[in-house]
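Notes follow the structure.
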């Protein structure tokens, strides 16, 4: 029995819809490249879909640096997104102190540039930054843009009183020995760094516990939340 014209048209419609869905996914899917060595050297693999087990593509426990071209990606030390995980937004990560040669799975958690897990914390459950008290870097990316649009802001550093770049804000481009001078002592909850590497300390005059952060977006400061009292550029 031959299908009637209506049935044939419906089949063509479904086929066309499937093709369009495939193109749409390709157009909006994020992309990340994993490198076997620091500074984007050595063997590499680029993925644009969830990788439950990097052993399947011969890249288990081999990643030492990462370039995220689009999307926000979660990288985990065990397959099926188990163990310690951290999130990486668009940017370049020349080294991965906590995850060096330990990544076994990767997945995109948002489309585009901004994304947070259910806990609304950078890095998700278990994230602690794994930082040295004086010189620990939480993440180091480049080419970040102000998410309100329009490209980089003029200030080197922006401090926000709320998580995810919300609340009151102050823009700074120089060393500040006491943030109470600009009305922002112990108020920073999230930070955007447009240029340079900066040391943020819990007491005035760069004393107490400190952390060094490079260019990037930090939607939540975890251990330094509401504790920053001074800051200075170190590079």
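Summary of values
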read-out: Within region 203-234, backbone nitrogen closer than 20 Å to the virtual label 7 Å beyond the Cα of residue 95 toward Cβ; value: 210-217, 233-234
read-out: Mean Cβ neighbour count within 10 Å, used as a protection proxy, ranking 198-204, 171-177 highest first; value: 198-204, 171-177
read-out: Rel. contact order, % - alpha carbon contacts under 8 angstrom, at least six apart, region 157-233; value: 37
read-out: Cα gyration tensor shape for region 157-233, rounded if a/c is under 1.5, else prolate or oblate; value: rounded
read-out: C-alpha center-to-center spacing [region 40-77, region 157-235] in angstrom; value: 31
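Coordinate-derived values only; no laboratory data. Bear in mind the structure is a predicted one, so any value in this text is a computation, not a measurement. Note that we place each Cβ from the backbone using ideal geometry, even for glycine, and neighbour counts take in every protein chain shown.
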